[in-house]
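Undergrad: There's a structure below that I have some questions on.
The values are calculated or read from the model by the stated rules, or taken from the named source; none is laboratory data. What you see is a predicted model; the values in this text were computed from it and never measured. Backbone-built Cβ (ideal geometry, glycine too); neighbour counts: all protein chains shown. Side chains included, ligands, DNA and RNA excluded: accessible areas come from the protein's heavy atoms. Shrake-Rupley method; radii C 1.70, N 1.55, O 1.52, S 1.80 Å.
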Amino acid sequence: MTTFQTIDAALKKAQTILVVSHMRPDADALGSTLAFTLYLQSLGKKVTAWNEDGVPEKFQYLPQHHLLTLPSPTPQNFDVVLVLDNSNKKRVGTPMAAVAHAGFWINIDHHISNENFADLNYVDPTSPATGQILCEYFEELGIPITLDMAGNLFAAISTDTGSFQYRGTNSRTFLAASRLVERGVDVADLSLAMYDCQPKRRLNLLKHALNTAVFLCEDRLVTFSLSLADVATLGVIPEDNEGIIDHLRSVDSVVAAVFYEELNDGLVRVSARSKDPRVNVSTICAQFGGGGHPLAAGTRVRGSLAEISEKFNQALCEAISHGS
Ligand code: AMP
Ligand code: MN
Ligand code: MN
(Lines give C-alpha, C1' and ligand atoms only; values in the text may rest on other atoms or scores of the structure.)
(Ligands and ions follow the chains in the order given, each with its own letter.)
Protein backbone atom coordinates (compact mmCIF):
# COMPACT_ATOMS: atom_id res chain seq x y z
CA MET A 1 0.00 0.00 0.00
CA THR A 2 1.17 3.49 -0.80
CA THR A 3 1.47 6.48 1.58
CA PHE A 4 -0.36 9.80 1.82
CA GLN A 5 2.95 11.53 0.96
CA THR A 6 3.31 9.57 -2.29
CA ILE A 7 -0.28 10.30 -3.30
CA ASP A 8 0.10 13.99 -2.48
CA ALA A 9 3.32 14.25 -4.50
CA ALA A 10 1.61 12.63 -7.52
CA LEU A 11 -1.33 15.04 -7.22
CA LYS A 12 0.96 18.06 -6.95
CA LYS A 13 2.65 17.10 -10.24
CA ALA A 14 -0.71 16.98 -12.05
CA GLN A 15 -2.56 19.89 -13.60
CA THR A 16 -5.94 18.40 -14.51
CA ILE A 17 -7.53 16.08 -11.95
CA LEU A 18 -10.84 14.23 -12.01
CA VAL A 19 -12.39 13.11 -8.71
CA VAL A 20 -15.04 10.37 -8.80
CA SER A 21 -16.63 7.83 -6.45
CA HIS A 22 -19.44 5.32 -6.95
CA MET A 23 -22.86 5.28 -8.61
CA ARG A 24 -25.92 5.55 -6.35
CA PRO A 25 -23.71 7.66 -4.09
CA ASP A 26 -24.01 7.95 -0.32
CA ALA A 27 -22.78 10.87 1.76
CA ASP A 28 -19.35 9.23 2.16
CA ALA A 29 -18.92 9.07 -1.63
CA LEU A 30 -20.13 12.64 -2.21
CA GLY A 31 -18.68 14.25 0.94
CA SER A 32 -15.25 12.71 0.30
CA THR A 33 -15.36 13.82 -3.34
CA LEU A 34 -16.30 17.39 -2.39
CA ALA A 35 -13.80 17.72 0.47
CA PHE A 36 -10.95 16.51 -1.73
CA THR A 37 -12.08 18.68 -4.65
CA LEU A 38 -11.93 21.73 -2.35
CA TYR A 39 -8.42 20.75 -1.23
CA LEU A 40 -7.20 20.33 -4.83
CA GLN A 41 -8.75 23.67 -5.79
CA SER A 42 -6.78 25.31 -2.96
CA LEU A 43 -3.62 23.96 -4.64
CA GLY A 44 -4.62 25.77 -7.84
CA LYS A 45 -5.40 22.56 -9.76
CA LYS A 46 -7.98 22.32 -12.52
CA VAL A 47 -10.35 19.95 -10.75
CA THR A 48 -13.42 18.18 -12.12
CA ALA A 49 -15.80 16.23 -9.84
CA TRP A 50 -18.29 13.86 -11.42
CA ASN A 51 -20.86 11.33 -10.30
CA GLU A 52 -23.14 9.15 -12.41
CA ASP A 53 -26.09 10.50 -10.39
CA GLY A 54 -24.81 14.04 -9.82
CA VAL A 55 -25.78 15.21 -6.32
CA PRO A 56 -29.25 13.78 -5.52
CA GLU A 57 -31.58 16.30 -3.89
CA LYS A 58 -31.35 14.78 -0.44
CA PHE A 59 -27.58 15.43 -0.34
CA GLN A 60 -27.83 19.07 -1.29
CA TYR A 61 -27.03 20.06 2.27
CA LEU A 62 -23.38 19.18 1.52
CA PRO A 63 -21.28 22.36 1.42
CA GLN A 64 -20.29 23.44 -2.13
CA HIS A 65 -22.25 20.55 -3.65
CA HIS A 66 -22.56 22.49 -6.93
CA LEU A 67 -18.88 21.62 -7.61
CA LEU A 68 -19.97 18.04 -8.29
CA THR A 69 -21.82 17.44 -11.55
CA LEU A 70 -22.95 14.78 -14.00
CA PRO A 71 -20.15 13.64 -16.34
CA SER A 72 -19.48 15.62 -19.48
CA PRO A 73 -21.12 14.23 -22.66
CA THR A 74 -17.79 14.67 -24.49
CA PRO A 75 -14.87 12.60 -23.16
CA GLN A 76 -11.99 14.56 -21.64
CA ASN A 77 -8.31 14.00 -20.80
CA PHE A 78 -7.00 14.09 -17.24
CA ASP A 79 -3.48 13.89 -15.79
CA VAL A 80 -4.88 12.04 -12.77
CA VAL A 81 -8.17 10.33 -11.96
CA LEU A 82 -8.75 9.98 -8.22
CA VAL A 83 -11.34 7.35 -7.21
CA LEU A 84 -12.74 7.62 -3.68
CA ASP A 85 -14.92 5.23 -1.62
CA ASN A 86 -15.12 2.74 -4.47
CA SER A 87 -13.82 -0.81 -4.65
CA ASN A 88 -13.67 -1.18 -8.43
CA LYS A 89 -13.74 0.77 -11.70
CA LYS A 90 -17.07 -0.71 -12.81
CA ARG A 91 -18.98 0.95 -9.96
CA VAL A 92 -17.76 4.39 -11.06
CA GLY A 93 -20.42 4.06 -13.77
CA THR A 94 -20.95 6.59 -16.56
CA PRO A 95 -18.02 8.91 -15.63
CA MET A 96 -15.70 6.14 -16.90
CA ALA A 97 -16.95 6.63 -20.46
CA ALA A 98 -16.31 10.38 -20.13
CA VAL A 99 -12.59 9.83 -19.49
CA ALA A 100 -10.84 9.93 -22.90
CA HIS A 101 -7.40 9.47 -21.37
CA ALA A 102 -6.09 9.24 -17.82
CA GLY A 103 -2.37 9.55 -17.19
CA PHE A 104 -2.50 8.06 -13.74
CA TRP A 105 -5.05 6.46 -11.39
CA ILE A 106 -5.25 6.91 -7.62
CA ASN A 107 -7.61 4.94 -5.35
CA ILE A 108 -8.39 5.85 -1.72
CA ASP A 109 -10.95 3.60 -0.07
CA HIS A 110 -12.04 1.59 2.97
CA HIS A 111 -13.71 -1.46 1.37
CA ILE A 112 -12.10 -4.77 2.25
CA SER A 113 -13.17 -5.99 -1.21
CA ASN A 114 -11.19 -3.22 -2.97
CA GLU A 115 -9.55 -4.55 -6.13
CA ASN A 116 -6.47 -2.27 -5.93
CA PHE A 117 -7.18 -1.25 -9.51
CA ALA A 118 -5.15 1.99 -9.60
CA ASP A 119 -1.47 2.96 -9.98
CA LEU A 120 -1.47 4.11 -6.35
CA ASN A 121 -3.82 2.37 -3.91
CA TYR A 122 -4.51 3.42 -0.33
CA VAL A 123 -7.05 0.98 1.11
CA ASP A 124 -7.71 1.00 4.86
CA PRO A 125 -10.51 -1.41 5.84
CA THR A 126 -10.07 -0.41 9.52
CA SER A 127 -11.58 2.97 8.62
CA PRO A 128 -15.39 3.00 8.84
CA ALA A 129 -15.59 5.77 6.22
CA THR A 130 -13.44 7.12 3.40
CA GLY A 131 -14.06 10.53 5.00
CA GLN A 132 -12.09 9.35 8.05
CA ILE A 133 -9.12 8.35 5.85
CA LEU A 134 -9.19 11.81 4.26
CA CYS A 135 -9.20 13.48 7.71
CA GLU A 136 -6.09 11.46 8.55
CA TYR A 137 -4.54 12.42 5.19
CA PHE A 138 -5.06 16.14 5.86
CA GLU A 139 -3.91 15.81 9.48
CA GLU A 140 -0.74 13.86 8.63
CA LEU A 141 0.30 16.26 5.87
CA GLY A 142 -0.58 19.40 7.85
CA ILE A 143 -3.20 20.47 5.32
CA PRO A 144 -5.72 22.99 6.71
CA ILE A 145 -9.31 21.73 6.78
CA THR A 146 -11.68 24.56 5.90
CA LEU A 147 -15.23 24.72 7.30
CA ASP A 148 -16.67 23.52 3.96
CA MET A 149 -14.26 20.60 3.83
CA ALA A 150 -15.09 19.79 7.47
CA GLY A 151 -18.87 19.73 6.85
CA ASN A 152 -18.41 17.29 3.97
CA LEU A 153 -16.08 15.06 5.95
CA PHE A 154 -18.34 15.04 9.03
CA ALA A 155 -21.34 14.04 6.88
CA ALA A 156 -19.25 11.27 5.28
CA ILE A 157 -18.20 9.84 8.65
CA SER A 158 -21.53 10.29 10.44
CA THR A 159 -23.56 8.53 7.74
CA ASP A 160 -21.14 5.65 7.04
CA THR A 161 -20.92 4.84 10.78
CA GLY A 162 -24.72 5.03 11.29
CA SER A 163 -24.17 8.10 13.51
CA PHE A 164 -21.12 6.59 15.22
CA GLN A 165 -22.88 3.32 16.08
CA TYR A 166 -21.62 0.65 13.69
CA ARG A 167 -18.94 -1.87 14.58
CA GLY A 168 -16.21 -0.16 12.51
CA THR A 169 -16.48 3.00 14.64
CA ASN A 170 -13.20 3.36 16.56
CA SER A 171 -11.26 5.88 18.63
CA ARG A 172 -9.79 7.40 15.43
CA THR A 173 -13.35 8.09 14.27
CA PHE A 174 -14.06 10.26 17.30
CA LEU A 175 -10.66 11.92 16.98
CA ALA A 176 -11.43 12.84 13.36
CA ALA A 177 -14.96 14.01 14.27
CA SER A 178 -13.59 16.07 17.14
CA ARG A 179 -11.17 17.86 14.82
CA LEU A 180 -14.00 18.59 12.39
CA VAL A 181 -16.13 20.06 15.18
CA GLU A 182 -13.11 22.16 16.18
CA ARG A 183 -13.09 23.48 12.59
CA GLY A 184 -16.63 24.75 13.20
CA VAL A 185 -19.02 22.01 12.10
CA ASP A 186 -22.45 22.56 13.67
CA VAL A 187 -23.37 18.99 14.65
CA ALA A 188 -27.05 19.76 15.35
CA ASP A 189 -27.69 21.67 12.11
CA LEU A 190 -25.87 19.15 9.97
CA SER A 191 -27.55 16.18 11.70
CA LEU A 192 -30.97 17.77 11.17
CA ALA A 193 -30.22 18.07 7.45
CA MET A 194 -28.90 14.50 7.29
CA TYR A 195 -31.50 12.66 9.37
CA ASP A 196 -34.59 14.77 10.01
CA CYS A 197 -35.41 16.23 6.61
CA GLN A 198 -36.90 13.29 4.70
CA PRO A 199 -39.48 13.79 1.93
CA LYS A 200 -42.96 12.43 2.64
CA ARG A 201 -42.43 10.01 -0.26
CA ARG A 202 -39.90 8.18 1.87
CA LEU A 203 -42.45 7.63 4.64
CA ASN A 204 -44.78 6.06 2.07
CA LEU A 205 -41.98 3.76 1.04
CA LEU A 206 -41.35 2.85 4.68
CA LYS A 207 -45.04 2.03 5.15
CA HIS A 208 -44.85 -0.21 2.09
CA ALA A 209 -41.69 -1.92 3.41
CA LEU A 210 -43.25 -2.56 6.83
CA ASN A 211 -46.44 -3.92 5.26
CA THR A 212 -44.72 -6.26 2.83
CA ALA A 213 -41.63 -7.39 4.79
CA VAL A 214 -41.03 -11.14 4.74
CA PHE A 215 -39.51 -12.91 7.74
CA LEU A 216 -37.58 -16.10 6.92
CA CYS A 217 -35.08 -18.48 8.46
CA GLU A 218 -36.86 -18.57 11.86
CA ASP A 219 -37.21 -14.77 11.91
CA ARG A 220 -33.44 -14.36 11.67
CA LEU A 221 -33.69 -13.03 8.10
CA VAL A 222 -35.99 -10.23 6.96
CA THR A 223 -36.36 -9.04 3.38
CA PHE A 224 -38.38 -6.60 1.36
CA SER A 225 -38.66 -6.11 -2.38
CA LEU A 226 -39.47 -3.11 -4.51
CA SER A 227 -40.70 -3.77 -8.05
CA LEU A 228 -40.83 -1.21 -10.83
CA ALA A 229 -44.62 -1.35 -10.46
CA ASP A 230 -44.31 -0.46 -6.73
CA VAL A 231 -42.02 2.45 -7.64
CA ALA A 232 -44.66 3.77 -10.06
CA THR A 233 -47.52 3.36 -7.55
CA LEU A 234 -45.63 4.94 -4.65
CA GLY A 235 -44.04 7.69 -6.77
CA VAL A 236 -40.66 7.15 -5.11
CA ILE A 237 -37.22 7.88 -6.58
CA PRO A 238 -34.04 5.80 -6.09
CA GLU A 239 -32.52 8.04 -3.38
CA ASP A 240 -35.60 7.40 -1.16
CA ASN A 241 -34.75 3.78 -0.47
CA GLU A 242 -31.38 4.21 1.24
CA GLY A 243 -31.69 3.21 4.90
CA ILE A 244 -35.22 1.75 4.74
CA ILE A 245 -33.69 -1.66 5.42
CA ASP A 246 -32.39 -0.39 8.79
CA HIS A 247 -35.94 -0.30 10.15
CA LEU A 248 -36.36 -4.01 9.42
CA ARG A 249 -32.89 -4.86 10.71
CA SER A 250 -33.76 -3.36 14.11
CA VAL A 251 -36.01 -6.30 15.09
CA ASP A 252 -34.41 -8.29 17.93
CA SER A 253 -34.52 -11.76 16.32
CA VAL A 254 -33.10 -10.48 13.02
CA VAL A 255 -29.49 -11.31 12.15
CA ALA A 256 -29.55 -10.17 8.52
CA ALA A 257 -31.78 -7.96 6.37
CA VAL A 258 -31.92 -7.69 2.59
CA PHE A 259 -33.54 -5.24 0.22
CA TYR A 260 -34.22 -6.29 -3.38
CA GLU A 261 -34.83 -3.55 -5.91
CA GLU A 262 -35.92 -4.21 -9.49
CA LEU A 263 -33.94 -1.96 -11.86
CA ASN A 264 -35.12 -1.02 -15.33
CA ASP A 265 -32.31 -2.82 -17.15
CA GLY A 266 -33.24 -6.38 -16.18
CA LEU A 267 -31.03 -6.29 -13.10
CA VAL A 268 -31.92 -6.63 -9.43
CA ARG A 269 -30.03 -4.50 -6.94
CA VAL A 270 -29.32 -6.39 -3.71
CA SER A 271 -28.55 -4.47 -0.53
CA ALA A 272 -27.65 -6.69 2.44
CA ARG A 273 -26.99 -5.93 6.11
CA SER A 274 -25.84 -8.16 8.98
CA LYS A 275 -25.76 -7.60 12.74
CA ASP A 276 -23.50 -10.55 13.51
CA PRO A 277 -19.81 -10.61 12.45
CA ARG A 278 -20.13 -14.40 11.97
CA VAL A 279 -22.56 -13.73 9.13
CA ASN A 280 -20.43 -11.97 6.51
CA VAL A 281 -22.70 -10.47 3.83
CA SER A 282 -19.72 -9.25 1.79
CA THR A 283 -18.68 -12.88 1.19
CA ILE A 284 -22.20 -13.81 0.09
CA CYS A 285 -22.51 -10.75 -2.17
CA ALA A 286 -19.12 -11.66 -3.68
CA GLN A 287 -20.59 -15.06 -4.66
CA PHE A 288 -23.20 -13.04 -6.57
CA GLY A 289 -20.66 -10.75 -8.27
CA GLY A 290 -20.67 -7.89 -5.74
CA GLY A 291 -18.90 -6.97 -2.53
CA GLY A 292 -18.74 -4.42 0.26
CA HIS A 293 -18.09 -4.68 3.99
CA PRO A 294 -18.65 -7.70 6.30
CA LEU A 295 -21.84 -6.17 7.72
CA ALA A 296 -23.03 -4.05 4.76
CA ALA A 297 -22.68 -5.25 1.20
CA GLY A 298 -24.41 -5.27 -2.14
CA THR A 299 -24.52 -6.50 -5.69
CA ARG A 300 -26.46 -6.27 -8.95
CA VAL A 301 -27.65 -9.50 -10.52
CA ARG A 302 -29.47 -10.23 -13.78
CA GLY A 303 -32.85 -11.92 -13.30
CA SER A 304 -36.29 -11.45 -11.78
CA LEU A 305 -37.01 -10.28 -8.22
CA ALA A 306 -38.52 -13.67 -7.31
CA GLU A 307 -35.64 -15.68 -8.75
CA ILE A 308 -32.78 -13.59 -7.33
CA SER A 309 -34.35 -13.17 -3.89
CA GLU A 310 -34.96 -16.90 -3.57
CA LYS A 311 -31.34 -17.77 -4.41
CA PHE A 312 -29.84 -15.04 -2.25
CA ASN A 313 -32.13 -15.76 0.72
CA GLN A 314 -31.17 -19.40 0.59
CA ALA A 315 -27.42 -18.61 0.62
CA LEU A 316 -27.88 -16.15 3.45
CA CYS A 317 -30.04 -18.46 5.55
CA GLU A 318 -27.37 -21.15 5.21
CA ALA A 319 -24.73 -18.69 6.41
CA ILE A 320 -26.94 -17.67 9.35
CA SER A 321 -27.50 -21.31 10.31
CA HIS A 322 -23.75 -22.05 10.14
CA GLY A 323 -22.81 -18.88 11.98
CA SER A 324 -25.01 -19.37 14.98
P1 AMP B 1 -25.63 -0.44 -0.28
O2 AMP B 1 -26.39 -1.65 0.14
O3 AMP B 1 -25.86 -0.07 -1.70
O4 AMP B 1 -25.78 0.69 0.68
O5 AMP B 1 -24.11 -0.90 -0.22
C6 AMP B 1 -23.57 -1.43 0.94
C7 AMP B 1 -22.09 -1.63 0.75
O8 AMP B 1 -21.84 -2.62 -0.24
C9 AMP B 1 -21.39 -0.38 0.31
O10 AMP B 1 -20.26 -0.19 1.10
C11 AMP B 1 -21.02 -0.64 -1.11
O12 AMP B 1 -19.78 -0.11 -1.40
C13 AMP B 1 -21.02 -2.13 -1.27
N14 AMP B 1 -21.63 -2.48 -2.56
C15 AMP B 1 -22.91 -2.24 -2.93
N16 AMP B 1 -23.15 -2.67 -4.18
C17 AMP B 1 -21.99 -3.20 -4.63
C18 AMP B 1 -21.57 -3.81 -5.87
N19 AMP B 1 -22.41 -3.97 -6.90
N20 AMP B 1 -20.27 -4.21 -5.96
C21 AMP B 1 -19.42 -4.05 -4.94
N22 AMP B 1 -19.74 -3.49 -3.75
C23 AMP B 1 -21.00 -3.07 -3.60
MN1 MN C 1 -20.11 4.65 -0.20
MN1 MN D 1 -17.86 4.52 2.47
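Undergrad: With Cβ to Cβ distances under 13 Å as the rule, what net charge do the other residues near VAL123 carry (K, R +1; D, E -1)?
TA: Once all neighbours under 13 Å are counted, the net charge is -4.
Undergrad: On to the next question. If DNA, RNA and ligands are ignored and the probe is 1.4 Å, what is the ranking of CYS135, CYS317 by accessible area, most exposed first?
TA: CYS317, CYS135
Undergrad: Between beta-carbons, use under 10 Å as the cut-off and find the net charge around PRO238, counting Lys and Arg +1, Asp and Glu -1.
TA: In short, -3.
Undergrad: Between LYS90 and VAL214, what is the label-to-label distance in nm when each label sits 7 Å out along the Cα-to-Cβ direction?
TA: Distance between label points: 2.5 nm.
Undergrad: Continuing with this model, one more query. So which of LYS58/LYS207; LYS46/LYS90; LYS89/LYS207 end up more than 28 Å apart by C-alpha? Numbers along the way, then the final one.
TA: Values: LYS58/LYS207 20 Å; LYS46/LYS90 25 Å; LYS89/LYS207 36 Å.
The pairs that break the limit, which is 28 Å between Cα atoms, are LYS89/LYS207.
Undergrad: While we're on this one: Between the helical axis of 4-13 and the dominant principal axis of the chain, each derived from Cα atoms, what acute angle in degrees is found, rounded to the nearest 10?
TA: Roughly 60 degrees, rounded to the nearest 10.
Undergrad: Within the stretch 118-155, name every residue whose backbone N is under 18 Å away from a label modeled 7 Å from Cα of ASP246 along the Cβ vector.
TA: Inside the label zone: 128-132, 152-155.
Undergrad: Compute the distance from the alpha-carbon center of the stretch 159-188 to that of the stretch 288-324, in whole Å.
TA: Value for the Cα centre distance between the two parts: 30 Å.
Undergrad: Still on this model: Expressed as a whole percentage, what fraction of the accessible surface of the chain belongs to carbon and sulfur atoms when a 1.4 Å probe is rolled over the protein heavy atoms?
TA: Whole-percent figure for carbon plus sulfur exposure: 53.
Undergrad: Same structure again: On C-alpha positions alone, give me the angle between the axis of helix 171-182 and the longest principal axis of the chain, in degrees, nearest 10.
TA: Approximately 60 degrees, to the nearest ten.
Undergrad: Say each of ASN170 and LEU203 gets a label point 7 Å from the Cα, pointing the same way as Cα to Cβ; how far apart are those two points in nm?
TA: The answer from the label model is 4.0 nm.
Undergrad: Please give the Cα centre distance for the stretch 236-282 versus the stretch 95-125, rounded to the nearest Å.
TA: Centre-to-centre distance over Cα atoms comes out at 26 Å.
Undergrad: List, in order, the whole-Hz ³J(HN,Hα) value for each residue of the stretch 242-259 obtained from phi through the Karplus relation with A = 6.51, B = -1.76, C = 1.60 and θ = phi - 60°; use x for Gly and Pro.
TA: Per residue, the Karplus-derived 3J(HN,Hα) values read 4, x, 4, 4, 4, 5, 6, 4, 6, 5, 4, 6, 6, 9, 9, 10, 9, 10 Hz.
Undergrad: Note down the magnitude of the dipole of the stretch 261-324 about its Cα centre, charges +1 on Lys and Arg C-beta and -1 on Asp and Glu C-beta and zero elsewhere, to the nearest 20 debye.
TA: So the magnitude is around 200 debye.
Undergrad: Right, something else. In square angstrom, what is the accessible area per residue of the stretch 145-242 with a 1.4 angstrom probe?
TA: On a per-residue basis, 52 Å².
Undergrad: Also, quick follow-up: If pairing requires two Cys Cβ atoms under 4.7 Å apart, which cysteines of the chain are left without a partner?
TA: By the Cβ distance rule, which asks for a partner under 4.7 Å, the isolated cysteines are CYS135, CYS197, CYS285.
Undergrad: Determine the dipole magnitude for the chain: charges of +1 sit on the beta-carbon of Lys and Arg, -1 on that of Asp and Glu, nothing else is charged, the reference point is the Cα centre, and the result goes in debye to the nearest 20.
TA: Dipole size: approximately 280 debye.
Undergrad: Quickly work out the ASP119-to-SER191 label distance, labels modelled 7 Å from Cα along the C-beta direction, and quote it in nm with one decimal.
TA: 4.3 nm
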